[in-house]
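Trainee: One structure is given below, represented as structure tokens, and several questions about it will come after.
None of the figures in this text is laboratory data; all of them are computed from the coordinates on show. A quick note: this is a predicted structure, and the numbers were derived from the prediction, not measured. All Cβ positions, even for glycine, are placed from backbone atoms using ideal geometry, and neighbour counts span all protein chains on display.
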Amino acid sequence: MQVFKLPSIARVAIFGVLAAGCLAAPALAEDIKAGDLVISQALSRATPNGAKIGGGYLTIEPGKTVKLAPGGYHLMMMDLKTPLKQGDKVPVTLEFEKAGKVQVTLDVQAVGAPGPAAGGGGMDMKKMPDHSGMKM
């Protein structure tokens, strides 16, 4: 077996790249289980000064997967008193028909951060019924 030794400057550079990658990864809230549901990837985006609304995004799994994401269904937080800032934690209560009230914390990411990770089932917005006044 042949062993390769890196010069010390290369080892420092590789360690620096690995450490930066670990620090750059956003820390998202942990999965929450409520009955048959698993709620994950709960996040929001930072809002500009003066903004009175913000969005919340997450993934819900009850046998099928529903992603609340930018450009689709999402949570609306209205009448914000202060802007949401990156690094903030926003507590919200979701109410489900069978699972009842579930406390979730949205991790505030940077302005323009992507929503929940791609993959899993999505939803066809055109096939969804109108749920005006839907409780969540």
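Trainee: Please list 3J(HN,Hα) in residue order for segment 54-68, calculated via the Karplus relation 6.51 cos²θ - 1.76 cosθ + 1.60 where θ = phi - 60°; whole Hz, with x for glycine and proline.
Mentor: x, x, x, 9, 6, 10, 10, 10, x, x, 10, 10, 10, 10, 8
Trainee: Another question, if that's okay. Of Lys64/Lys89; Lys52/Lys85; Lys67/Lys89, which pairs sit farther than 18 Å apart, going by alpha carbon to alpha carbon? It would help to have the intermediate numbers written out before the result.
Mentor: On the way: Lys64/Lys89 27 Å; Lys52/Lys85 13 Å; Lys67/Lys89 20 Å.
Cα-Cα > 18 Å for Lys64/Lys89; Lys67/Lys89; rest within.
Trainee: Provide the gained length on full extension for the span Val92 to Met76, in nm with one decimal, where the gain is 0.36 nm per separating residue minus the Cα-Cα distance.
Mentor: Details: separation 16, 0.36 × 16 = 5.76 nm, distance 1.09 nm.
Residue separation times 0.36 nm, minus the Cα-Cα distance, leaves 4.7 nm.
Trainee: Right, another one. Starting with the highest mean, order 100-112, 51-63, 71-83, 35-47 by the number of other Cβ atoms within 10 Å, averaged over the residues of each peptide.
Mentor: 35-47, 51-63, 100-112, 71-83
Trainee: Further, regarding this structure: List the residues of segment 49-91 whose backbone N lies under 16 Å from a point placed 7 Å from the Cα of Gln103 along the Cα-to-Cβ direction.
Mentor: Once the point is set 7 Å along Cα→Cβ of Gln103, 89-91 turn out to lie under 16 Å by backbone N, inside segment 49-91.
Trainee: Can you tell me the dipole magnitude for segment 27-116 around its Cα centre, using point charges on the Cβ only (Lys, Arg +1; Asp, Glu -1), in Debye to the nearest 20?
Mentor: Numbers: 10 positive and 9 negative charges, 45 e Å.
Dipole of segment 27-116, to the nearest 20 debye: 220 debye.
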